[in-house]
Structure formats: structure tokens, C-alpha cells
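J.: Pasting a structure here, questions to come.
The values are calculated or read from the model by the stated rules, or taken from the named source; none is laboratory data. Keep in mind the model is a prediction, meaning the values are calculated, not measured. Reconstructed Cβ throughout: ideal geometry from the backbone, glycine too, with neighbour counts over all protein chains shown.
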Amino acid sequence: MQRIFTHSAFGDAENFFRALMHVAPLPMFVMSEGNCIYGNERFIRLHGCKDDFCATCGLEHLLGQEDREAVGQALASIEAGVVVRLPLQLLQTGGKVSAVDLSMSSLQIEKKSFVLGVISEKTEKERLRRLLDRLAFHDSLTELPNRILLFDRINQALSHAVRNGGSFAVVVLDLDGFKAINDELGHAAGDAILREVSRRLRACVRGVDTVARLGGDEFALILHEVGNEKEAGIVLNKVIRDVAVPFELASNQVALHASLGIAFCPLDGSTIQELLGRADYAMYAAKKSGGNAYCVSTGEIGETAFRHALEPLINNIRLGFEMIDEQHEEIAACLRGLLAALSDHETRAEMKWRADYLQHLTESHFHTEEDLILRYAIRDQAQHRDEHDNLLRQLEDFLHEPGCYGMTVMAHAMNDWLLPHIETLDADLVAQLKAAGVSG
């Protein structure tokens, strides 16, 4: 057994420390340089072992890929004297999965760094809260972090970089030709491809890095302690190579490629808006040059970037019912104006006016749809109304301070906000209206 007490700092305290760990009512462990070097009996039992602590008793053996990433990221930024708490899913012998909290704190002893960890079980109420949090912060299709969680992790990385003078990279990835394949083979095939792309991307990065889904066929990566193209190139080339491996579907073999853009902190920016916007602009440059490649940010954030981010919404806004289509286009035009205003750095009052007008158009459009639903006895009336209420709440929250977001970030958010509603409930509404002989 590797012993933490080989470090002289513990000296005569070894027996006291062992006794303390032995009587502790919770699983506890000690880490050094990212590896578990000691665990008490309760920690060892989680691995299904009855003997002393051994090499197979590492924390990583109890966690899924995403939780390993979260722990790795926390370990990379943990500070002395600060307690970090993480909700985790513990994978135990026999297939048992337990919702737990992991608390970790950093210790400095004779210039050596250690991390003390404590695992505690959750109550049923806490498990429900964790489930709700997961639904709010993870993409339901791929189970990757969603845009909201991505923003939070970029903010954490920014704070860490400021405190420690470090660097990191933000990568935006778009699948070349995905829409054509999705249209030809159907959404089920498209979903299967997106899930497999997610798996491949995770396999390309380290546990401390983040893979997130921005929406549609766009993904984002956070690469920690990476400050230039030479350091990032190995990962980016591996991503390009792995995504290009043909996808085996039920009766088809499909080939796809990826376009990537990368921006570095602090070289290319020190805000979410700057980093995502410049990475997105670089990605668009890679796509424009033929795809299946990556481009490094040149420091530009152009109008092209946010127009590209809006493409999924603009391309799917017409459903073949004139009254609804015209209102969709009004909303899209107002949204383009709001994003252009962000680019032109309009005053706060001007931004507020544009945001209020977008909200007015959205409310008016939803009233139109609800009138049609009532007039022609469309099914799923309650679901449509509930969805409208939910979308209005989301819009109000997001537009509360529109100037604090970059235009590319906001464009992605607007896609995620409205596009799924148009493609599902609105499309179904139009189909029912046409079936009833109603013309727009």
C-alpha cells in the first residue's frame, strides 16, 4: 500500500490520522498529483474490496466519464482552504448507482499539495434536485453540458486564469454536411450521429476539459492550460480525424467532416463573448475554405459569425402557412436587428427598446396561434399554451440585460429558444390546420 505518511510532514501524527480516518462515518480519501494515495475502510468498500487500500481503489473507478471530467476540472482549479462540493453519480460493484456529494479541500504540507475528499449520500429530495439540475444544464440527446453550463465553465476558467496567470482555449465545432444527411435519412439517424460524435469528442480530450453541445450540429470544447496552436493542434487534428471515421447506421454508412475554430485566453479575449465569438468566426472561416480543418482566431468577430449562428432558425422558419410564416419572419428580422445592435454597441436604452419590441412580437404571435388553436379545436391545446408561457418566461429572463451577451452567444441562445418549438409544435399545428382545410 502506498502510504501518505511516507511524507515526513505527518511524522508522529500517522497513528492519529489513521484512527481519525478509521472512525469517520463517511468514505474519505487523500489525493496527491491527481491520484488517490489513501482511503479509509468505507472508501475501500465502495470498490467492493475487503483488503487494504490498493491501486484499484482510485476515485476514477467509481465515476462515469462526465463526472470524471467535473472532478478533473475541480482539481485543476482547487485552492488551499477552499472547500469544493460536487454532485456525482457513484458507480459501485453490482451495477448500483448512488447519488452522492463529493467535498474536496486542498492542503499544503511542507510545500507538498494534497486533496482531502469526503463522500456523503444524498436524500431523496436532493436526488430530485440533482435530476432537475441535470435537465436544466445538460443536453437531453447527448447528455453533454448545454450552453448554460458551458458558459458557467468558461467563467470558471476565466476566473482561474486571472488568479493564476494561466491560459485555456475555446473551440467551436460544426459538422460539415450534417443537415443534408439528417434530411435524407431522418431525425433518428441524425440523432444517432450526434450521440456518436459526442462520444468521439469526449474520447479526444482530457478529464479536465469540457465538451458541450451548443445546439443543432454545433459543439464546443474548453481545453485547459492550452495557450497556443502548437499545444492545441494535437487535440484538434485528432478531433478532425476521429469525426471523419464513417458512421455505421442500421443500413447505411455515413461519412462526415468537421470544421473547427479556436480562440485562446488571454490572447484572443478575456470574456465569454470574445472567446466564443472569435472561435465561431474562425470556425466559419474553416468551413468557408472547404471544411475538414481548423482555423485559429485572428482576433476578429464579424457579422458573418452571428449570421451563421442564426442559420438554423432562418432556414427553418417557413412552414407553409402564410399568417404564421409572416410572423415568424417578423420575429427573425427583429432578432437580426437586436444582434446587429449588439455588434454596433448601441446604447442601453436602444438595446432595451429592441428587446421590448422582440418580446411584443413574440407575445402577439403566440396569441395568434392560440386563437387558431381554439377556433379550429386543434389537439394538444394545453401543451401548446404551456409551451408559449415557458418560452415567454425564458425570453424575459434572457432579454433582461441583452447587452451583457455577445451577439454570437445570443444567436445560439435564440436558436435553442425558438427553433425546437417551430420544428415540433408549430409544424404540428400547421399540419392540423391544413388537414382541416384551413388556408393561411
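For (1) in the same structural domain as A203 (by TED's automatic domain parsing); (2) at pLDDT 95 or above; (3) assigned to a helix (DSSP H, G or I); (4) over 22 Å from E69 (Cβ atoms), each residue gets a yes or a no:
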| site | (1), (2), (3), (4) |
| --- | --- |
| K230 | yes, no, yes, yes |
| N237 | yes, yes, yes, no |
| L276 | yes, no, yes, no |
| A279 | yes, no, yes, no |
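J.: I'd like to verify a number: residues in region 32-54 that are under 32 Å from the mean Cα position of the chain (by Cα), in a helix (DSSP H, G or I) and at pLDDT below 85, how many?
T.: 1
J.: Okay, moving on. Hey, any hits in region 68-78 for a residue that's farther than 19 Å from N155 by Cα and more than 19 Å from the chain's Cα centre (by Cα)?
T.: No, that holds for no residue.
J.: For R202, work out the one condition from (1) farther than 16 Å from L276 by Cα; (2) surrounded by 17 or more Cβ atoms within 10 Å (Cβ to Cβ); (3) touching a Lys or Arg at 6+ places or on another chain (Cβ under 9 Å) it doesn't fulfil.
T.: Every condition holds for R202 apart from (3).
J.: It is to be established whether one or more residues within region 176-189 are buried (at least 21 other Cβ atoms within 10 Å of the Cβ) and either within 18 Å of the chain's Cα centre (by Cα) or more than 20 Å from K287 (Cα to Cα) (or both).
T.: no
J.: Considering each residue of region 62-82, count those that are touching a helix residue (DSSP H, G or I) at 6+ places or on another chain (Cβ under 6 Å) and either free of Cβ contacts under 8 Å to residues at least 24 places away in the same chain or assigned by TED's automatic domain parsing to the domain that holds D209 (or both), and give that number.
T.: Within region 62-82, residues that are touching a helix residue (DSSP H, G or I) at 6+ places or on another chain (Cβ under 6 Å) and either free of Cβ contacts under 8 Å to residues at least 24 places away in the same chain or assigned by TED's automatic domain parsing to the domain that holds D209 (or both) number 0.
J.: OK, next. Any residue that is surrounded by fewer than 19 Cβ atoms within 10 Å (Cβ to Cβ), modelled with pLDDT of 70 or more, part of a loop (DSSP other than H, G, I, E, B) and among the hydroxyl-bearing types (S, T, Y) - is there at least one of those in region 355-364?
T.: No, there is no match, as no residue in region 355-364 is surrounded by fewer than 19 Cβ atoms within 10 Å (Cβ to Cβ), modelled with pLDDT of 70 or more, part of a loop (DSSP other than H, G, I, E, B) and among the hydroxyl-bearing types (S, T, Y).
J.: Still on this structure, I have one more. Out of L158, L221, which single residue is buried (at least 21 other Cβ atoms within 10 Å of the Cβ) and touching a residue at least 24 places away in the same chain (Cβ under 8 Å)?
T.: L221
J.: Looking only at region 296-309, which residues are buried (at least 23 other Cβ atoms within 10 Å of the Cβ) and either modelled with pLDDT under 90 or out of contact with any helix residue (DSSP H, G or I) (no Cβ under 9 Å at 6 or more places or on another chain) (or both)?
T.: Correct list: I301, A305, F306, A309.
J.: What residue, among those in region 232-247 that are under 22 Å from A157 (Cβ atoms) and not basic (K, R), is surrounded by the fewest Cβ atoms within 10 Å (Cβ to Cβ)?
T.: So, considering only residues that are under 22 Å from A157 (Cβ atoms) and not basic (K, R), the one surrounded by the fewest Cβ atoms within 10 Å (Cβ to Cβ) is I234.
J.: Moving on. Give just the number: which of (1) crowded, with 17+ Cβ neighbours inside 10 Å; (2) at pLDDT 85 or above; (3) not aliphatic (A, V, I, L, M); (4) not in a helix (DSSP H, G or I) does R85 not satisfy?
T.: Result: R85 fails condition (1) only.
J.: Moving to a separate point now. Output the residues belonging to region 248-295 that are crowded, with 20+ Cβ neighbours inside 10 Å, of a type in the set (D, E) and more than 18 Å from the chain's Cα centre (by Cα).
T.: Listed by number, the list holds a single entry, D268.
J.: So how many residues does region 357-394 have that are in contact (Cβ under 8 Å) with a residue 24 or more places away in the chain and more than 18 Å from L425 (Cα to Cα)?
T.: Of the residues in that region, 3 qualify.
J.: Here is a check on your reading of the model: is T210 buried (at least 19 other Cβ atoms within 10 Å of the Cβ) and assigned by TED's automatic domain parsing to the domain that holds A282?
T.: Yes, satisfied.
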